[in-house]
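The values are calculated or read from the model by the stated rules, or taken from the named source; none is laboratory data. This structure is a prediction, so every number in the text was calculated from the model and none was measured. Cβ atoms come from the backbone with ideal geometry, glycine included; neighbour counts cover every protein chain shown.
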Amino acid sequence: MMEQLARYYRTLRPLRAGQLLWQLYRRLRPVTQPAEVPLERSRRLRAAAGFCAGPQPADAVLSFLNQTASADPDELSWHPSDRSRLWRYHLHYFDYLQWRCIPADWKTRYIDDWIAANPVGTATAWEPYPVSLRIVNWLKYFSTYADDIPQHWQHSLLNQLHWLTHNLEHHLLANHLLKNAKALLLGGLWFKGANGQRFQRLGEHYFIRELREQLLPDGGHVERSPMYHSIVLEDCLDVLNFALPMRAQLHPNSLHELQRSAQHMLGFLADVTLSDGDIARFNDAASGVAPAPADLHDYGHAVCGHPVPAANDGLHPIRRSASGYYGYRHRDDSLLIDCGPVGPDYQPGHAHCDMLSFELCIDGLRVIVDPGVHGYDGDPTRNYLRSTAAHNTVVLNDAEQSELWGTFRVGRRARPLTAELTDAGDGRLLFSGSHDGYRYLDAQATHQRCFDIDVAGRWEVRDVLSGGGDATAVTYLHLAPSVEAVTGAGRTVTLRHNGTTVAELEFAAGMTAEIESGYVAPYFGCREPAQIVALRCSGPLPLELSYRLQRPAVARGH
């Protein structure tokens with residue numbers, strides 16, 4: 001009981017006082033049900049450019065989180081008991097109104113059926129986050145609807161906006177509150193009356209305030225997930241897309257802030273995109289949820305003229321120090337290292353124990369991977385994928401870097417101590433970073449990791465664990481599902497893709513190597529078997545572990 005109370009204390013202590021009060025209020029009065037408001041006049045929003053539709057299936061099915069259901073309105077259940085809560089959330093988001101595979105007459109039936117089946121306060125359907133996404137997706141659909149918008153659709157939209165003003169997610173903040181604000185701002189541009197003006201003022205105030213709060217100086221999103229960065233970037237571009245044709249309705253400073261933020265975030269997105277064209281999967285990040293980086297860059301170019309990144313044959317070092325991402329791109333190779341905080345102190349719910357972990361692409365193939373995220377259910381898979389052992393970093397004495405528990409909770413947090421990437425010339429980069437995640441142990445250890453990188457294709461990694469006492473350390477390398485590890489002679493392991501060697505691993509004396517079976521989750525709802533190379537070392541602290549990865553041609557040259 002005392003340890004449980006201590007864990008709650010460590011979890012709650014970093015939260016903001018106002019946030020704690022809102023948490024208490026939400027538990028005492030979980031949902032506010034305001035009276036309906038009468039319908040008022042609306043205007044037809046027109047976007048400056050086409051929308052970024054995001055991932056969608058080829059066939060007429062409802063597919064979320066790699067689970068499908070019939071899209072036929074006659075077979076649709078709005079509250080399927082055999083689906084996860086997150087899957088049901090997606091059903092109520094209405095992203096599929098933008099999908100080309102869904103017949104037009106089905107889309108109108110979805111809206112009619114939803115209104116009839118989900119009165120105000122219905123569980124899942126009327127939680128603030130789904131409400132916010134649904135409002136925006138309805139507005140996108142309404143903006144392209146050929147006929148007059150039915151009055152009962154308009155009335156439902158108006159009352160969803162009114163309901164949202166009474167249920168903003170002040171208790172969660174971060175991307176949730178930004179989603180609420182986006183819905184209110186765009187809904188306020190749609191309706192002309194007093195309520196529309198109220199929605200717009202409230203939405204514009206919170207959206208601009210939260211952009212300033214949530215956008216780090218290096219252009220990254222404060223939750224430090226490339227997936228949520230992409231989601232928030234799309235939010236910013238969506239608001240710009242609707243606001244630019246109606247610039248007279250917004251304060252000029254707001255438009256300037258939106259454009260500046262979008263440009264900054266697009267630059268950051270380019271740096272957290274690996275050479276296979278997809279985002280890095282640090283923290284809660286998976287492919288197929290947010291629009292692909294290439295689609296977001298095209299959207300950014302169409303909306304605000306930001307140049308689409310060109311292919312880069314030269315060396316491009318990456319130093320996003322506020323977010324904690326370091327690495328480089330060179331031709332079809334890329335490396336990205338995570339040495340940033342687990343997230344904002346007030347909302348670290350999407351954090352993983354991935355301090356000093358990395359992802360590596362060789363010749364456009366992601367070889368060393370972050371295992372990703374499978375879902376948001378509080379199950380063993382969720383627990384494992386957030387753990388230190390699930391990442392390409394060092395585990396000391398079977399301990400965790402940070403105290404992650406429940407589905408989104410974080411108690412004690414590892415914090416970065418140092419991080420620096422320097423250019424040593426002649427195609428050589430040096431990285432050094434450290435964190436204090438193991439100082440709570442009796443050993444009071446710190447972990448320092450150094451990379452010595454030759455961009456021709458050699459990556460040397462050296463880990464030093466300081467402190468006192470005897471210790472056992474394991475450094476993990478999680479391989480892509482298509483990459484096979486084969487033990488070689490001496491202290492070597494060969495990494496192969498389709499029978500071809502892509503890298504050779506050599507580890508230091510005093511270490512042992514084991515090839516373990518594991519899995520990765522590159523997409524929500526998808527587990528793919530993959531191998532793990534576990535390098536172990538035991539002895540008194542300070543303890544050093546080191547290994548070298550190299551391209552076969554480079555190995556022959558040395």
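Side notes on the structure shown:
- Members of region 125-162 that are hydrophobic (A, V, I, L, M, F, W, C) and more than 30 Å from PRO14 (Cα to Cα): ALA125, ILE135, VAL136, TRP138, LEU139, PHE142, ALA146, ILE149, TRP153, LEU157, LEU158, LEU161
- Only one entry in VAL455, VAL369 is under 30 Å from ARG85 (Cα atoms), surrounded by 15 or more Cβ atoms within 10 Å (Cβ to Cβ) and among the hydrophobic types (A, V, I, L, M, F, W, C), namely VAL369.
For every residue, the table says whether it meets (1) assigned by TED's automatic domain parsing to the domain that holds HIS306; (2) under 15 Å from the mean Cα position of the chain (by Cα); (3) at pLDDT below 95; (4) of a type in the set (Asp, Glu).
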residue: LEU233; (1), (2), (3), (4): yes, yes, no, no
residue: ASP238; (1), (2), (3), (4): yes, no, no, yes
residue: ASN241; (1), (2), (3), (4): yes, no, no, no
residue: LEU250; (1), (2), (3), (4): yes, no, yes, no
residue: LEU258; (1), (2), (3), (4): yes, no, no, no
residue: LEU269; (1), (2), (3), (4): yes, yes, no, no
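- The set of residues in region 420-444 being acidic (Asp, Glu) and either assigned to a loop (DSSP other than H, G, I, E, B) or more than 27 Å from the chain's Cα centre (by Cα) (or both) consists of ASP423, ASP426, ASP436, ASP442.
- Hey, GLN401 assigned to a loop (DSSP other than H, G, I, E, B), crowded, with 17+ Cβ neighbours inside 10 Å and among the polar types (S, T, N, Q) or not: yes
- Elements of type helices (runs of 4 or more DSSP H) in region 92-191, at least 1 residues being outside the structural domain of SER230 (by TED's automatic domain parsing) and under 21 Å from THR68 (Cα atoms): 104-117, 128-144
- Check on PRO73, under 26 Å from GLY525 (Cβ atoms) and exposed (fewer than 15 other Cβ atoms within 10 Å of the Cβ): no
- Condition broken by ALA473, with the remaining ones in (1) closer than 24 Å to ASP332 by Cα; (2) buried (at least 23 other Cβ atoms within 10 Å of the Cβ) satisfied: (1)
- When region 448-490 is filtered for residues that are more than 26 Å from ARG428 (Cα to Cα), within 31 Å of the chain's Cα centre (by Cα) and either outside the structural domain of ILE362 (by TED's automatic domain parsing) or of a type outside the set (A, V, I, L, M, F, W, C) (or both), the ones remaining, listed by number, are PRO481, SER482, GLU484.
- If you filter region 167-221 down to residues that are in contact (Cβ under 8 Å) with a residue 40 or more places away in the chain and among the basic types (Lys, Arg), you find that the one that is farthest from PRO14 (Cα to Cα) is LYS192.
- A single member of ARG43, ARG13 is loosely packed, with under 12 Cβ neighbours inside 10 Å and not β-branched (Val, Ile, Thr), and it is ARG13.
- Which listed residue, of LEU417, LEU360, is buried (at least 23 other Cβ atoms within 10 Å of the Cβ) and in a strand (DSSP E or B): LEU360
- Subset tally (residues that are assigned to a helix (DSSP H, G or I), charged (D, E, K, R) and farther than 24 Å from ARG198 by Cα) for region 1-37: 4
- Boolean, MET265 is at pLDDT 95 or above, out of contact with any Gly (no Cβ under 9 Å at 6 or more places or on another chain) and surrounded by 23 or more Cβ atoms within 10 Å (Cβ to Cβ): no
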